[in-house]
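Taking it in order: structure first as structure tokens, then the write-up.
Every number here is computed from the coordinates shown, using simple stated rules; none is lab data. The structure displayed is predicted, hence computed values, not measured ones. Cβ: placed from backbone, ideal geometry, glycine included. Neighbour counts: every protein chain shown.
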Amino acid sequence: MKQDPVIIQDPLFGALAYHKRFVNNTDFDGSKHLCNLPFRYAEVRRNGDVHMCCPNWSPVVVGNVFESSMTQIWQGERALAQRSSILDGSYRYCNWDTCSLIRNNRLEQRTETRIAQLVKRAESSTPETVHFVVDESCNLACPSCRVQRLAQLATAERDRGYQAITRVLDCMFAEPHAQHKTLSMDGSGEIFSSELYRRLFETHDVFNRSDLWPNLRFRLTTNGTMMTPKLQRRYVHIMDRLEQLEVSVDAGDPESYAKVRVGGRWDLLWENLRCFHDNILVRQPHTTWRWNIIMQKNNYKSLPDLINIANTFERKPMINMTGVLNWGTWTEEQYLDHAVHLPQHPKYKKYTKIMNSPLVQEYRNSYGI
Ligand code: SF4
């Protein structure tokens, strides 16, 4: 059975739906910490909704790009309210149970100097980083992510997503400027198989005229399987300005990969990533890469092999090792069967043994997140 969300009524935001438990169930003391996300970051969804955090961590919607400009949203009443909840230490819009920054004690220490810096950063007319989550179509069909393959969005949805992005770009890049801005895309599907992103990448000035916005950078999320050497050459103008490439690798051996990345080709993945490393990463110190492995029953044993592969690269990737979440594709029983990181799982001891092994600990201390 799926868990029903907890609904909280808020005078400004109305009904807010929180998955899992809501607040006050950890030892977190908001008066001692600072989250910088709502001061520098916005996330835009295909329906135009704007968040200043991952909606799974804080469901607050601060505006909609089909109703207001990004500048109006960024300086609007709702955005100010979410920032106030950080500044007053209440963190009242945050789900303390799902936010990994709270859970893993990764928020920065609160100081008056740091508060002043963050408030100043938020005074800019638009966020420093905008993350688009508009296209969940993908060339793969991984069980933790979806129940069936979605090769492309329907035309109306694709157009809607395209318009949501271009409304933001038209506001933030109406004129040439040298402000430091980052556009981050997408993570809900495969960016290099998306017709929506292909149209943007090949036609929009923001992706093709680096002379107009010299301090614009990109962050891309991909499963790596379609990022062929040919495609990397075709998008060299984007690769040149890459701040970070995030790759959902998800396994360290071909057997595990076949189970968790259904439809992906292990050999092709590494051909593509090796090409990216040797031709782009090693000559661009401003670009980093990060590999994700979502720990679950079908891949946790392959983590040491993934680290061994990482150690063969000159530019080591950060490796993000996080426990699998239920994105709504599994029943609660199915989820608990896959969630090897939970203490009640029968293989939890074996999982912790791997996580605490010297190889994993050493890599985590140097490059883990
Ligand atoms: S949920 Fe976490 S990341 Fe989001 S605003 Fe709150 S503290 Fe920051």
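At a glance:
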item: Label point distance in nm, Arg40-Gln284, each placed 7 Å from Cα along Cα→Cβ; result: 2.0 nm
item: Cα pair distances of the range 277-324 binned at 10 Å [whole percent]; result: 24, 47, 23, 5
item: Relative contact order for the chain, counting Cα pairs under 8 Å that sit 6 or more residues apart, in percent; result: 13 percent
item: Taking only Cα atoms of the chain, radius of gyration then Dmax in Å; result: 20.6, 58
item: Inter-site label distance for Ala178 and Glu123 at 7 Å from Cα along Cβ, in nm; result: 2.1 nm
item: Choice from Gly323, Gly252, Gly48 showing the highest fluctuation, given a GNM over the chain with Cα pairs closer than 10 Å; result: Gly323
item: Label point 7 Å beyond Cα of Lys32 along Cβ direction - residues of the range 64-95 with amide nitrogen under 16 Å; result: 89-91
item: Amide H partners (placed H, <5 Å) of Lys181, local residues excluded; result: Leu216, Arg217
item: Against the rule of thumb 2.2 N^0.38 Å, how large the Cα Rg of the range 1-160 comes out; result: 1.12
item: Theoretical FRET efficiency, 1/(1+(r/R0)^6), r = Cβ-Cβ of Thr331 and Ala154, R0 25 Å, to 0.05; result: 0.35
item: Given Lys301/Lys353; Lys259/Lys347; Lys297/Lys349; Lys316/Lys347; Lys297/Lys350, the pairs whose alpha carbons are separated by over 21 Å; result: Lys316/Lys347
item: Nonlocal amide H pairs with Asn292, under 5 Å, H built at 1.01 Å; result: Val247, Ser248, Val249, Asp250, Asn320
item: Added length on full extension, which subtracts the Cα-Cα distance from 0.36 nm per residue, Leu231 to Gln72; result: 53.5 nm
item: Max mean-square fluctuation residue, GNM over the chain, Cα-Cα springs under 10 Å, options Glu175, Glu77, Glu112; result: Glu112
item: Gln344-Val262 FRET efficiency (beta carbon distance; Förster radius 30 Å; 0.05 resolution); result: 0.65
item: Theoretical ellipticity at 222 nm over the chain - DSSP helices of four or more residues, -39500 (n - 2.57) apiece, nearest 500; result: -9500 deg cm²/dmol
item: The range 122-220, relative contact order in percent, only Cα pairs under 8 angstrom and at least six apart counted; result: 37 percent
item: For the range 173-183, 3J(HN,Hα) per residue [Karplus equation, 6.51 cos²θ - 1.76 cosθ + 1.60, θ = phi - 60°, Hz, x = Gly/Pro]; result: 10, 5, 10, x, 7, 10, 5, 7, 10, 10, 10
item: Residues Leu12, Leu200, Leu101, Leu342 arranged by fewest to most Cβ contacts within 10 Å; result: Leu12, Leu342, Leu101, Leu200
item: Relative contact order (%) - the range 42-83, alpha-carbon pairs under 8 angstrom, separation at least six; result: 29 percent
item: Considering only the chain, percent of DSSP beta bridges that pair antiparallel, nearest 5; result: 25 percent
item: The range 77-179 shape via C-alpha gyration tensor axes, a/c threshold 1.5; result: oblate
